[in-house]
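Below: one structure, written as structure tokens.
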Amino acid sequence: MTTTGDVRRPTRGGREIAMALPWFDEREVVAAAAAVQSGWVSQGARVIEFESAIADLVEAPYAVAVSSCTAALHLGMVAYGIGPGDDVLVPSLSFVATANAVRYVGARPIFADVEPRHHNVTAATLEAALTPATRAIIAVDQYGTPADIEPIRALARRRGLALVEDAACAVGSTYRGRPVGADSEFAAFSFHPRKILVTGEGGMITTGDAELAERLRRLRQHGMSVSTFDRHHEHRPVMEQYLETGYNYRLTDIQAAIGVVQAAKLPSMVRRRRELARRYHELLGGVPGLEMVTDPEHGETNYQTFWVMLPDGYPVSRDTLLAILKRYGINARHGIPCAHHEPAFSDLDPVALPVSEHIAQQSILLPLFHNLSDDDQQRIADVICGVWADPRSFLD
Ligand SMILES: *Cc1c(COP(=O)(O)O)cnc(C)c1O
């Protein structure tokens, strides 16, 4: 417990602490170099290998690699035939790509609120946002915390809606004892450096539907009936056909080579993050009313992000605390803003989402990555506890 009496005095300056860093070592370097040396750098054998590594981790029947999670979400909208005149329910409290994917196909995002403890949409918050034109739901596992997806799936079935799971941050998280995405009809993952498993840019779709997987493989490469890789390995000349309007959403073999190495590290990455999260809970437990990200009842998070919510009684504002942390070399961040307040969506009908708005105002994301040291984590906690105990000595 940190009280006014025994609070540690942090020292200013010191080494910068990053917000997030990928866990790379010589193995990723060697794998990427081998892809370059092979001469095959676009989608090829290494992409196939990476897809099967992710299918194994997620325990999903099919995995389709794409160039980003945003591309995956776009393909979800295309594959389910969403278009102009259709509404799609999305959380406003999400990275803006979730709502943008709806726009790409000319449909309208309808923003749903989230629940206050785990910051995810629920069947109830989605149901409250339903419109007569609603055709689909994009449910997000925010910051890796699994959404309670079964009741959402039941709602989608009842209403005849398509369900896309934006699991951008959630590879390695679990839902009811199984990996997130294991039972999803369409789950989309991201391998951007801000996530846990990193390929630079990159994404993956997992599904249990063989036909959907085959269509997605076609859509990611211009609608071609046969991949360049397969054509190359045929002994006879193959004439491809273009069956529908597709996209260039391919992952490269250089990225996939890095992904194969990262996939093997995922269990230890999750273990380390859960350790660091437990320690944050200990170090910050003395600040009264400070809420911290934790496991929901229905699953375990991979702690892709460690957020805290400042209580009403905290002595300085969220933005002042961020500025103080910065002076101590600590790169914390404000939580994600609400999409419904962004200029990009100002043409939509105004909507009040009190829980999302409160979270967007009060949340801070603390540094969390595989090689965050115990000392650095202590420094971060010392500032947050110190400001609580004696704010004046931090405000000069
Ligand atoms: C990061 C993120 C995305 C976008 O992922 P990219 O791979 O960068 O396109 C989409 N949705 C959510 C919830 C995210 O956190």
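For the chain, a Gaussian network of Cα nodes joined below 10 Å ranks 353, 89, 73 by mean-square fluctuation, and the top entry is 353. Approximating the spin labels as points 7 Å out from Cα along Cα→Cβ, the residue 274-to-residue 41 distance works out to 3.9 nm. When each of the peptides 186-196, 106-116 is scored by how many other beta carbons lie within 10 Å of its residues on average, the order from highest to lowest is 186-196, 106-116. Gain on full extension, evaluated as 0.36 nm per residue between residue 230 and residue 317 minus their Cα-Cα distance, stands at 25.6 nm. Most simply put, the chain has about 60% antiparallel DSSP beta bridges, counting only bridges with both residues inside it. Between residue 375 and residue 334, full extension at 0.36 nm per residue minus the direct alpha carbon distance yields a gain of 12.5 nm.
When every Cα-Cα distance of segment 26-263 is counted in 5 angstrom steps from zero, the calculated P(r) takes the values 1, 7, 14, 18, 19, 16, 11, 7, 4, 2, 1, 0 percent.
Taking 0.36 nm per residue of separation and subtracting the Cα-Cα distance, full extension of the segment from residue 344 to residue 211 would add 44.4 nm.
With viscosity 0.890 mPa s and temperature 25 °C, the Kirkwood radius over alpha carbon pairs of segment 266-394 converts through Stokes-Einstein to a diffusion coefficient of 153 µm²/s. From a point 7 Å beyond the Cα of residue 361 in the direction of its Cβ, which residues of segment 75-103 have a backbone N at a distance under 20 Å? Backbone N within reach: 92-94. Distance between the 7 Å Cα→Cβ label points at residue 115 and residue 392: 4.4 nm. Using a Förster radius of 30 Å, what is the FRET efficiency between residue 351 and residue 281 based on their Cβ-Cβ separation? Nearest 0.05, please. Step by step, r from the Cβ atoms, then E = 0.35. The packing ranking, built from the mean of other Cβ atoms within 10 Å per residue, places the peptides 120-131, 380-391 in the order 380-391, 120-131, highest first.
Each value in this text was obtained by applying a stated rule to the coordinates, not by laboratory testing. Because the structure is predicted, anything quoted here is derived from the model rather than measured. Note: ideal-geometry Cβ built from the backbone for every residue, glycine included; neighbour counts use all protein chains shown.
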